[in-house]
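Okay, so here's the structure we're looking at.
The values are calculated or read from the model by the stated rules, or taken from the named source; none is laboratory data. Note that the structure is a prediction, hence the values are computed from the model and not measured. Glycine gets a Cβ as well: all are built from the backbone with ideal geometry, and neighbour counts include every protein chain shown. Side chains are part of the model used for accessible areas, which takes the heavy atoms of the whole protein and leaves out ligands, DNA and RNA. Shrake-Rupley method; radii C 1.70, N 1.55, O 1.52, S 1.80 Å.
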Amino acid sequence: RRNQQHEVAVQTLQQRIDQLQKEIIQCDRCANSWEEEKSRRSAKASTAALPGLVIFQRPLPSNHQRRKALLIGVNYLNSQAPLKGCVNDIWNLQCLMRHTLRYTPEQMQILADGFDGPPRPERMPTKANIMAALGWLVSSARPGDHLLLAFSGYGCQHPRSPGSEKCESYLVPSDFADDLPEKFFQTYEASVPSASARADTQGLGGTVTAEELRRQCEVARVAAAGGRYRLISMLEVHDFISRLPKRCCVTVVMDACYAILPGVGADSPATFRKVDRGVVEYSKLWNFISRPRFLELPPLPVQHTPPELPRSTNLLACTLHCFSGCRLKEWCAEFPIEGTVQGAFSWAFLKAMAQGHFHVGIYQFQQFMANLLLNLKTHFKHVDQQPVVQLSSDASLQDVVLWT
């Protein structure tokens, strides 16, 4: 009897082992199937988008084949003043364009200097590449087209002409210093007096210090050698947009200082008095939590805006929505938000789109962005930027953002 009970127990145990093996095999199959599905989705998708941004697909508009987008992100990795979050801004925006708004790869151009993998010269955000890409964006445009231009990087101010008290605004490409001597900025910054030295010289009237003389000599030497910055004037951006026909719809998104389109709406002059930023030591900003997106450049006795461009801009024929990160005298900030270094304005722009379910009018969108930045300021006291919205004469506050 004991042998019989033993055999029954062994047989029961064997059946249980067989059942468990079958369950293990089934679990392995499910796990493999899940991994394959995850790999398949990863192959289709890009790097994860903005944390907290829920991506879903919008229905394709009727004119979806007549859309273009140019996205430019510049971190200035090889310069004396690198940034960290501009490429992240553009990466998050392209996720929105590709996955939610369903732009095809052929409808988009991305110029950035911080993507993974070896750099490709034709994809770098140099002045030549940006100007060529702007030409691609507006070429063959016709009524009913939807275009997008986005730029994240430095903006700068520079005298409109040698010795002028008036400045003009520029976007800064990645190769802005390629026509200067190799150690121009190091030599110039080395002659800038310290804060204590500046305090000691206050009240000396028109006295020119030895440091100031050295700076003037360095600038004169560079100018004599034909040195200049590679900059893109906001008047040049306006000139490209002015080529677009009536009923062509264009959106401009600028997360950079001074990035106000001249002549569009009120309080958008082509020239302005210099905004005093004081002495900025960019070499020390890399390890700061927050960094400004203005680049203070030593003024050179060179005119950087093409002289043939008129300073009095004409009305645009196209329908334009221009969103800029801050007013002229403010500064756009970048810092870690939700685990990723990104521009505060770019973050608020995408969050406001998500809050409006990716189909929201400009008036409500402005309120969303203002509330998001106000809430951000409760955690980051230094955030003090008010986005600027510029509309052409044909545009309305009831228009839908990004024409979704």
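At-a-glance table
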quantity	calculated
Computed FRET value (nearest 0.05) for T340 with L309, which takes r as the C-beta separation and R₀ as 35 Å	0.40
Subset of K274/K377; K246/K274; K68/K377; K127/K381; K84/K183; K274/K381 violating a 30 Å alpha-carbon distance limit	K246/K274; K68/K377; K127/K381
Zone residues, segment 344-359, relative to S290, backbone N less than 18 Å from point 7 Å out along Cα-to-Cβ	344-349
Residue-span extension gain [L77 to R277] - 0.36 nm each, minus C-alpha spacing	69.7 nm
Percentage relative contact order, segment 257-404, counting C-alpha pairs under 8 Å, at least six apart	31
Sequence of S152, S161 when ordered by accessible area, the most exposed leading, probe 1.4 angstrom	S161, S152
Net +/- balance of residues flanking Q65 in space, Cβ distance below 14 Å, scoring K and R +1, D and E -1	+3
Between segment 283-313 and segment 81-157, the alpha-carbon center distance in angstrom	20
Local electrostatic count, D384, Cβ distance below 12 Å [Lys/Arg +1, Asp/Glu -1]	+3
Linear extension gain, T404 paired with Q386, 0.36 nm per residue minus alpha-carbon span	4.0 nm
Under 5 Å, built H, 5+ apart or other chain: amide partners of G343	D89
Most to least accessible of M254, M124 (protein chains only, probe 1.4 Å)	M124, M254
Solvent-accessible area per residue, Å², over segment 266-404 with all protein chains present [probe radius 1.4 Å]	48
Trypsin sites (Lys or Arg not before Pro) within segment 232-284, DSSP loop, no more than 11 other Cβ atoms inside 10 Å	K246
Accessible area of V264 in the full protein assembly, 1.4 Å probe (Å², nearest 10)	10
Under 9 Å, Cβ to Cβ, from P306 - net charge with Lys/Arg +1 and Asp/Glu -1	-3
Length-normalised contact order for segment 100-190 - Cα pairs under 8 Å, 6+ apart - percent	23
Net dipole in debye of segment 266-404 [+1 Lys, Arg Cβ; -1 Asp, Glu Cβ; about Cα centre; nearest 20]	360
Mean Cα-pair separation over length for segment 250-338, i.e. relative contact order, pairs under 8 Å, 6 or more apart, %	58
